[in-house]
Structures are given as C-alpha cells and as structure tokens.
2 protein chains.
Amino acid sequence: MTENGVYEIAPLRAQARKVKNDSYVLSTVSIDKRNEILKGIAEALMDKADEILAANARDLKDGEAAGLPSPIMKRLVFDEKKLDGVVLGLRDLYKLPDPIGKVLLERELDEDLLLKQVTCPIGVIGVIFESRPDALVQIASLCLKSGNCAILKGGSEAKHTNRILAEIIHDTGVKHGLPDGFLTLLELRSEIDELLKCSGSIDLIIPRGSNDFVRYIMDNSDIPVMGHSDGICHVYVDKAADLEEAVKIAVDSKTQYVAACNTAETLLVHEDVAGAFLPNLQKALLQKDVVIHATEDVRAIVGEAYGNLCEGVAGEANFKTEYSDYVINIKIVRDLEEAVQHINTYGSHHTDAIITEDGKAAEDFMNGVDSAGVYQNASTRFADGFRYGFGAEVGISTGKLHARGPVGLEGLVTYKYKLYGHGNVVDDYAEGRKSFKFKNIL
Amino acid sequence: MTENGVYEIAPLRAQARKVKNDSYVLSTVSIDKRNEILKGIAEALMDKADEILAANARDLKDGEAAGLPSPIMKRLVFDEKKLDGVVLGLRDLYKLPDPIGKVLLERELDEDLLLKQVTCPIGVIGVIFESRPDALVQIASLCLKSGNCAILKGGSEAKHTNRILAEIIHDTGVKHGLPDGFLTLLELRSEIDELLKCSGSIDLIIPRGSNDFVRYIMDNSDIPVMGHSDGICHVYVDKAADLEEAVKIAVDSKTQYVAACNTAETLLVHEDVAGAFLPNLQKALLQKDVVIHATEDVRAIVGEAYGNLCEGVAGEANFKTEYSDYVINIKIVRDLEEAVQHINTYGSHHTDAIITEDGKAAEDFMNGVDSAGVYQNASTRFADGFRYGFGAEVGISTGKLHARGPVGLEGLVTYKYKLYGHGNVVDDYAEGRKSFKFKNIL
C-alpha cells in the first residue's frame, strides 16, 4: 500500500484481513475521538482546497479528452460548491448522535445477571460507487462515524479527485491515531471481483451505480449486499381519487427527475375513472414531453392525436422495464386488488403510491404492496434519505432483511448482547436451584 | 398438492410463486384472526392426540427397524408430554403482542405529509429443520403469528408425525379462511435444492441442523439465510479473575450440554494466573471426564498424571474445531488483547465470555470481541432465546445483518415506510415553494 491508502498491486485478500483486524481497533474508538476526526477532515479538506480542485481539473480534462458523455462529466465535477457541500455534510454528521453503544434492551435475567442489547459497528464495509467524488467523502465519513472500516472503489473517471480526497481523509484519521486500515481506496476495476470474494473479512457490500452493475454484485458475492438494482415504481389512481391531484402526482412521480430510482415507470388506473382521468393526464404528460406505452383499453380512451402515444400495445416487457427516461406505461385495472397484484408482480419493491380519498383503500394498498415505501397521495419521488429527514444517506435498500428503504447511519450498525454475571452457571437453572426473573429495566 | 399440504411431486418453483401470492393475503390478516387460529390449532392438536401419537409410533417403529442411532430416536419421540409442551407453547405465543403493525418512527415531513415506519411480515420463510417434530409446530406457529407463509422441510425420520401435524395446522388455518399456501410441508430431500433456487418467491431461509448442512445451505442459496453453522465459543480467564468462579464457569460452559452450539471449545488464560488456575481447572474437568488439548506452555503447568491431557500440542486445527464433546483446548495468552485476537480469529462470532473482576477489562473484551454474545462472569450456555426471556425462539444467528444472537418473533418481521400526503409533489420542495419541517411525533 502506498502512503495515501491506495493499493498499487492487488494482494487484496491479505489486505482485507488486515482491515478486518483494524476494524476491531476502530470499533473501540470513542465518539469524542470520532467526532474530532470528522472535524479534522473538514478542516483538512478546506486547507487543501487548491490541491483538490487541481486534481479534479485533471480528471475533467482527461474526461473531455476521452469524450465522456455529458451526464458523467457533470457528475465528475468537484468544485468549490461541491467542497462546501461535503464540508457542510461533515458538520451535520458531527452533530448526529452516536449510532453505536445505544442500549436497545436492558433486562435482569436474574437478580445478579444483567442482559443488555447494545448497538455496535458492523465491521468492514465495502462500497463501490459511481463517478461523483463527493460520494467518497460522504461514505467514508458515514463509515467513520459508525465505527466501521471502509474499503472504497470509486469510478475510474474520478481517479485523481478520489485519490486526493481519500489521502486527506486517511492521513487525518491516522494522525489522530486511527489504525491505518480504517480507510482503503481501490483503483482497479479488477479488484471488485477480488473484493467480492473476501467474505471472511468484509461484512457488507454497498454497491451504488447502474442496475446491471448492482445486479452483478448481488449475483456474484457471498457477502451480504445492501442496495437496490431496479427502481420500477408505480402510481395507482384509485376510483376514489381526487383526479386533479392524481395528475399532479403522476407528473411529478414521472418527470421530477427521470433518472432517479424512485421515478414512476407505470401508471395504473381504476376502470371507473379511466375515462375521466386519462385524457387530462395525457395532456399534462405531453407538456413534459413524456411518451406513453398503453394497453389496449387505454388506447381506446387516449388519442393518438397528441403524438405522445407510442405504437403497439404495452405488455410484460414494458412493465418490467425501468425506462429512466420520459416514458411511461399506462394500464387500466378492474380493482385495487389487481393493482396490488400488478405491482407485486412487476415492481421492484421500491416505492409505490395510491391516489385515493378512501382511507380503507389506502390501508389495503399500503399493507398489500410489498415495497419499502407505500404512499397515499404523494409522489414516489419522496423516497430519499434527505426527504425522510435522515440527514446522511448510505443508499436505498429493496432487501427485506436489515435496513429497508432509504438507509441512514442506522444501516451501518448491528448489535450484540452483553451479559453481566457474578459467576452464574446454567446448571443452577437447569437443575432448579435458581430460576429466571426476567425484569425489564429498559 | 394433496389435501394436507404435502407435495407429492415437485413443481416447486411454481408452487413457491403461489405461496408468494398467498403471503400478500396473509400479511393483511388481523392479529385477532391470527390469534384465533393459534387457539384453534392448539385445540385441534389436542382433539387429534390419538392420531398424532399413532403416527409417531409408526415413525419410531420405522426408525428402530432402520437402526437409527439413539440420539436421533430420542429427538424423534412425540409423546403426550411433547404434545402438552407444544400446546403450552401455542398459548404463550398467543399472549405475545402482535409483532407486525408496530410504529417504529412517526414524523411529519411537512404539515400535510406524515411518514410512518411500520413493522410488517417478511413474506415467505423457508425452514429446514432437524428430526424433532415439535419444531414443526413451533416454527409454523411463529410464522403464522408474524404473518409469514412457511415452507417447511422436516427430517424424513419424522415423516408420519410431521405429516399429521402439518395437516392439522394447515386445515385449521384454511378452515379459518387463510390462503391455502400459508403452510407447505416438503417431504423430499431433493426439494431442498429446488427450494434454494426460489429467490424470487422465498424471502428468508432458516436452516436448523448440523454445521455442515447449514454451511451447505448458506453456500448454495441466493436467498438470505439466517442462522449459524459453527459454534466455537471461548472462555477467557483474565488476570483479575476470581479463580474459583472461573473454574465453575469454565466447567459449566464446557459440560452443561456438550452438543449445544453455545458450549465452550477453547479456554484462554492470562499468563499471570495460569499457574494458580490451571491445576484446579484440570481437576474439575477430570471429574466431568473432559479431556484437554493444551499448548506447550499449558502442558508445562498441567500434569499428565491425571490422564485427561491429550498427547501432542494444541494448534490451529484444534482451535478451529467444534468438538461437541467432552473435549477442550487450553491456551495461555500474554494479555487481554491476545485473547480478543484469538477469539476473533478462530471463533465463530457466537458467544464468548471473560472472567474478570476488572470492569475496564470486561468492557474492553466485550467491545473488542466480534460476537453476538459477549459475557462477563457468566457461562456461555446462557446464549439461548428462552434464557434471554424471548419466549419462542426461531434460532441463533451469527450473521450481523438483520437479527443477531438468539432470535425471537422480531427476526421474522421487517418494516415499510408509509407516507400519507395530500397531493404533495417533490417539485414544490426542489423549487423552494415549500420546505420540509421534520417534526417527530414518535
């Protein structure tokens, strides 16, 4: 390993074992120390602003020379505004309560035998992220705050920026006495496959990137993966919907930011209101340049006259597609049950909304739909850690074990049971000489 | 499928999809209804006691004819006492609060936008369990209480007993209006491999059985697995230990029930107290017929005279072995740090104890050891759902995501975010026309 925590060669498995050992040291570092380091990192980033901006200029120049597409070039930018943003993020994080050492349960099993369930770090987190260099600072600081070692792999387009950012964070931590392995930056794409094999050393992988990439990670690792691949979200317009509100929410869910995972891909509408609702929706979608894939019965209602109705009848292939574009499927359903079934069949268990004024229908929908987020009369675009008030966000999980939905710091901790005795042995209880009292303290 | 919920052939993947759909129905069944069915099952089991005991007699006869080893024959027994036990268990479960629908977080994102984080069932749980037929009733009822569909595969030795128990539970549930797929019993061993491939339909696998079997399941499924394979637990005798207490706890941890996963396999002792402690320990272990694998320095202290010291020097291979027998490794360590490192290297992250009167040493040990249970001055044998006061237990997890340690009903639930709006769209917040309030209600 070079001084700045970057591996030049790939003895990755041995290094991951070292990081694992370092994680035991990091797990005992006090919250005061961890916060002090977060503060130190913010200061060091500002002190070295010139170096960071110069490194980013180099990445941008390389990217331009390589002809990178403009969305990637845009994500690559790390200017003063971005720097201010990450420094502000570090300060917000500094203020958040310690996620570790929280007592979840405290129970006297007997007068002289106390059980505590206490949160603790997970250990070593591997994060593979997209081209935005600000993600590196955000993820590294979230892992540090929660007492976890981080092994990061960023986008190669941001190589120079990532390298200097990782170096600053790494050196600040080590200067404050953290073990060397608390932060490791990988630079080779080939190391991702190596990383996925380190199941004894890495406790959790968080992939952030394209659907295909995330699915590849999920399919190729024994290590638990937290995140989501597809984001196929739905808006269902119930027969008891406020139809004006429905248009507004459908348009926002589809168009507020088409590339996001919480964007709606399919709109379902109850047959009773399809005639009244769909022509207005079509007009509203036209204003945002959204094109429509429609089922046969929808086509009978919405006209081709507007020019935003695609040829052909929408079917399975459409319902399974995350367009990430100004494209939407529209389908008529006979009832709420059919809507729920469609969503559970074709959705990605991310976020789905019902538009209805009927409270019972809303609850049936929200209980029946098997997704991390189930909304009544609100845009699917609200599915986001910031909008939920979590502050920092690790990612959005569509898995059902551990954290689900937008995941903040609490997704980076687990718990352990601490038992405090005075020479207690099980034989006394098994043989009836003593008996459990089970008195909850907390 | 036959009437009693048993598959004769194996169209398992299609059936698992049907169960998945049924799980959406089960997830909306009220707690009153679920409790009513639990009551109904207890009654039906008592009503059909004769049939159950006759089925078990058949299994026992077949087992005897097949020459099954006596520990298996013992586990196979389902007599009136066992029946009383499961009926009592059902009544205890009936009294437990509803694990689903619990509001974990309630927050106003804005005056007209309310976020709730609410517990809900996971969906479909696959449980593969050992030969004890009482486990079938326990697991099926835990899944029902938590609103999950269960696909069970029991030991083939208990075929007839399992079949009648599953039939009674299945029929009682269906009579009360549950979807047919709420409980499915598999009978063919070949179906286990099929089950592991149903990642779209089955949300969680809980394997209970031998280490090798559990590891096979963990290595061969894309579905999340909850449980543990090895149970390599440690007792560390610190320099500040009460040495009499240390002998008592070491003996209980090793001998109270040698076949259990929470039994200690290795004893570590601080070099400062090794001379005073080890001879007494050796004598106490001898009384329980425990044989010792010792490192070189331990051999210099404990004598071969007692006849319970094995030949050869204990090393890596010993430290990695779960003996499940009256055998223990003993090693001297220079300090607490070496003890922690040994445990994190060779242990199975299950349960480990320190014997010490030094509170600081205890906290360092308990924070540094990366295990589900970390104990001060208590036997490792306490690691158990019943002894923690959880009532029913699904199993013990050594994973760090989702539930860890002994797992009760809460390990069978996840949560979803419910968002209640009034036509709220993200664009209003993105464009500054509205701003988030983030007011916690709960």
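The values are calculated or read from the model by the stated rules, or taken from the named source; none is laboratory data. Everything numeric here is computed off the predicted structure, so don't read it as measured data. All Cβ positions, glycine included, derive from the backbone under ideal geometry; neighbour counts span all protein chains shown.
Assorted remarks:
- Some residue of the range B:342-365 being under 22 Å from A:Leu412 (Cβ atoms), in contact with a strand residue (DSSP E or B) (Cβ under 8 Å, 6 or more places away or on another chain) and at the interface with chain A (Cβ under 7 Å from one of its Cβ atoms): no
- Residues in the range B:214-235 that are in a strand (DSSP E or B) and in contact with a Ser or Thr (Cβ under 7 Å, 6 or more places away or on another chain): 3 in all.
- Checking each residue in the range A:78-112 for being closer than 30 Å to A:Glu191 by Cβ and surrounded by fewer than 18 Cβ atoms within 10 Å (Cβ to Cβ) picks out A:Asp79, A:Gly85, A:Val87.
- Per the conditions (1) part of a loop (DSSP other than H, G, I, E, B); (2) crowded, with 19+ Cβ neighbours inside 10 Å; (3) touching a residue at least 40 places away in the same chain (Cβ under 8 Å); (4) among the acidic types (Asp, Glu), the sole criterion not satisfied by B:Asp352 is (1).
- Test: B:Leu115 is surrounded by fewer than 24 Cβ atoms within 10 Å (Cβ to Cβ) and either more than 18 Å from B:Glu187 (Cβ to Cβ) or at pLDDT 95 or above (or both): no
- For B:Arg381, the stated conditions hold: it is among the basic types (Lys, Arg) and in contact (Cβ under 8 Å) with a residue 40 or more places away in the chain.
- Filter result (surrounded by fewer than 16 Cβ atoms within 10 Å (Cβ to Cβ) and under 14 Å from B:Thr295 (Cβ atoms)) within the range B:311-329: B:Glu311, B:Gly312, B:Val313, B:Gly315, B:Glu316, B:Ala317
- Pair list, Cβ < 8 Å and 6+ apart or interchain, from the range A:13-26 residues that are surrounded by fewer than 19 Cβ atoms within 10 Å (Cβ to Cβ) to residues that are part of a helix (DSSP H, G or I) and not polar (S, T, N, Q): A:Arg13/A:Glu194; A:Lys18/A:Gly181; A:Asn21/A:Gly181
- Here B:Ile232, B:Ile217, B:Ile249 are screened, and the one residue that is modelled with pLDDT of 95 or more and under 30 Å from B:Leu412 (Cβ atoms) is B:Ile232.
- Options A:Asn35, A:Asn21: the member that is at pLDDT 95 or above, in a helix (DSSP H, G or I) and polar (S, T, N, Q): A:Asn35
- Those residues of the range A:142-191 which are β-branched (Val, Ile, Thr) and surrounded by fewer than 24 Cβ atoms within 10 Å (Cβ to Cβ), in sequence order: A:Ile164, A:Ile168, A:Thr172, A:Val174
- Of all the residues in the range B:335-349, those that are closer than 14 Å to B:Gly231 by Cα and part of a helix (DSSP H, G or I) number 4.
- Beta carbons closer than 7 Å, at least 6 apart along the sequence or on distinct chains, pair a first residue in the range A:414-442 that is among the polar types (S, T, N, Q) with a second that is surrounded by fewer than 17 Cβ atoms within 10 Å (Cβ to Cβ) for A:Asn424/A:Asp112.
- Only residues that are within 14 Å of chain B (Cβ to nearest Cβ) and either part of a helix (DSSP H, G or I) or modelled with pLDDT of 90 or more (or both) were counted in the range A:197-213, giving 7.
For (1) under 30 Å from A:Tyr415 (Cα atoms); (2) touching a Leu at 6+ places or on another chain (Cβ under 8 Å); (3) within 12 Å of chain A (Cβ to nearest Cβ); (4) among the hydroxyl-bearing types (Ser, Thr, Tyr), each residue gets a yes or a no:
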| position | (1), (2), (3), (4) |
| --- | --- |
| B:Val258 | yes, no, no, no |
| B:Asn262 | yes, no, yes, no |
| B:Thr266 | yes, no, no, yes |
| B:Val273 | no, yes, no, no |
| B:Ala276 | no, yes, no, no |
| B:Leu285 | no, no, no, no |
| B:Asp289 | no, no, no, no |
| B:Val302 | no, yes, no, no |
| B:Val327 | no, no, no, no |
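- Counting only residues that are among the charged types (D, E, K, R), more than 18 Å from A:Phe382 (Cβ to Cβ) and surrounded by 24 or more Cβ atoms within 10 Å (Cβ to Cβ), the range A:228-280 holds 1 of them.
- Residue list for the range B:225-246, restricted to those being within 12 Å of chain A (Cβ to nearest Cβ), among the β-branched types (Val, Ile, Thr) and closer than 20 Å to B:Ile343 by Cβ: B:Val235
- Inspection of the range B:192-204 identifies no residue that is under 17 Å from the mean Cα position of the chain (by Cα), closer than 22 Å to B:Ile41 by Cα and of a type in the set (Asp, Glu).
- Residue match in the range A:85-104 (condition: assigned to a helix (DSSP H, G or I), in contact (Cβ under 8 Å) with a residue 40 or more places away in the chain, in contact with a Lys or Arg (Cβ under 6 Å, 6 or more places away or on another chain) and of a type in the set (A, V, I, L, M)): yes
- Selection count, the range B:99-133, where residues are away from chain A (no Cβ under 13 Å) and under 21 Å from the mean Cα position of the chain (by Cα): 9
- Matching option when the condition is in contact with a strand residue (DSSP E or B) (Cβ under 8 Å, 6 or more places away or on another chain) and under 19 Å from A:Glu167 (Cα atoms), among A:Leu26, A:Leu113, A:Leu90: A:Leu26
- Screening B:Ile169 on (1) part of a loop (DSSP other than H, G, I, E, B); (2) in contact with a helix residue (DSSP H, G or I) (Cβ under 7 Å, 6 or more places away or on another chain) shows it passes everything except condition (1).
- Tally of residues being touching a Phe, Trp or Tyr at 6+ places or on another chain (Cβ under 9 Å) and either buried (at least 24 other Cβ atoms within 10 Å of the Cβ) or basic (Lys, Arg) (or both) across the range A:125-138: 4
- Pair list, Cβ < 6 Å and 6+ apart or interchain, from the range B:258-275 residues that are under 17 Å from B:Asp352 (Cβ atoms) to residues that are among the hydroxyl-bearing types (Ser, Thr, Tyr) and assigned to a helix (DSSP H, G or I): B:Asn262/B:Thr380; B:Ala264/B:Ser253; B:Ala264/B:Thr380
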